[in-house]
Each structure stands twice: as C-alpha cells, then as structure tokens.
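Working notes, beginning with the structure itself.
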Amino acid sequence: MTEIIESSHIVGVRFARLKAFGDDRGRFLETFRKDWFPERTWEIVQTNRSDSRAGVLRGLHYHFHQVDYWYVPRGRVRVGLADLRRASPTFGASEVIEIGDHNDTGIFIPTGVAHGFYALTDATLTYLVDNYYDGSDEFGVAWDDPTLAVAWGVTEPILSGRDRANPRLADIPVAQQP
C-alpha cells in the first residue's frame, strides 16, 4: 500500500512512498494514482521524460499554472525544492530528498515551489503535469541562491546555459514571483 506523506518543510509538497511487489521474474509497482492527491482536481495532460548523466543539475524551475509529479524509474537523483510562494507559511524553506534506485518515491510539486534535481548516477526522471508545455509559464531561480540555501551537497554541477543564467530570488521582479 502506497503511503502519502506531507513534507515537514514545505506546505503542499507530498511524497508517495511506493510499494513494490517482486519475485524471481522482476517487480511491479504503481507509480501514480490521481486519488493519492484528492485535494487537487487535476487531469494529467502531458507526461515527460528527462535523461541525465551523472553530475547534471537541472533547475531550479517553477510555474504559476502547472503542478508536477516526479518519479525516477532508473538511477538516483537528489531533488531540491524551495518554496517561492510569498503567501505560504513555509515561504523560503527548502528541502532535499534522494529518490530513485532503492527509494521508490514519487513527489507531488505544487505551483510556486521551485524544483530541480541533481543526477547522482545516470538517471531517468519521468514527470506528469496538468497543463501542456507553455514557455511563458517557465521560470527559473539560481540553483545556488544563498537565500534559498538548497543543500545540494555539490559545488560544480553540469548546468545548461539557461540554468546557469537563472537569477537569484532577490533579482526576480515581483510580477514573476509566485
């Protein structure tokens, strides 16, 4: 039975501790159910897959109109989360969790929570979203912003040009903040 746990650091973030069933043929597990998150009326309209080599850091990204649900079917990643919602009681809080091999966990990420991941090994991350990709709803904040203090445990990750150019929270116009 899958157990849904609320983050103790960021309001609205949920972790689905998945239960695998296996035998000598392999294993089976449910990775997502809509009813695990009954407080949210949503329809999954798009699923995505991201393959990263060890040492790559993607993020931090955030949206105004999209929730994400992440699962890592191959490899291990360190997920970094930061609450950018000014009206949230956990505004500014951050959290890091490792998921993937030997830790079957799905992560529900609400709008306004910045998210990213660092590939500890070559890894595949799948994510389900409730809106189609819209570049006008893609925002970023610096992965190493000292204000957010996401404890990645790395100092020189491999970054895309976009993620390298993400501004610090203090430099983001209020209109682009959740």
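The values are calculated or read from the model by the stated rules, or taken from the named source; none is laboratory data. Fair warning: this is a prediction, and the values are worked out from it, not measured in the lab. All Cβ positions, even for glycine, are placed from backbone atoms using ideal geometry, and neighbour counts span all protein chains on display.
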- Message: Between a residue in segment 72-97 that is among the hydroxyl-bearing types (Ser, Thr, Tyr) and any residue that is assigned to a strand (DSSP E or B) and modelled with pLDDT of 95 or more, which pairs come within a Cβ distance under 6 Å, given they are 6 or more apart or on different chains?
- Response: 90/83; 94/82
- Message: With the requirement that a residue be without any contact (Cβ under 8 Å) to a residue 40 or more places away in the chain, farther than 22 Å from residue 62 by Cβ, in a strand (DSSP E or B) and of a type outside the set (A, V, I, L, M), what does segment 1-31 give you?
- Response: 3, 21, 22, 23, 26, 27, 28
- Note on the structure: All-but-one check, residue 42 against (1) among the hydrophobic types (A, V, I, L, M, F, W, C); (2) at pLDDT 95 or above; (3) not in a strand (DSSP E or B), failing number (2)
- Among the residues of segment 49-99 satisfying the criterion of being of a type in the set (Lys, Arg) and either over 22 Å from residue 133 (Cβ atoms) or assigned to a loop (DSSP other than H, G, I, E, B) (or both), which is nearest to the chain's Cα centre (by Cα)? 78
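For every residue, the table says whether it meets (1) touching a Pro at 6+ places or on another chain (Cβ under 7 Å); (2) at pLDDT 95 or above; (3) not hydrophobic (A, V, I, L, M, F, W, C).
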| position | (1), (2), (3) |
| --- | --- |
| 133 | no, no, yes |
| 140 | no, yes, yes |
| 149 | no, yes, no |
| 175 | no, no, no |
- Query: Hey, any hits in segment 120-136 for a residue that's touching a Ser or Thr at 6+ places or on another chain (Cβ under 9 Å) and free of Cβ contacts under 8 Å to residues at least 12 places away in the same chain?
  - Reply: no
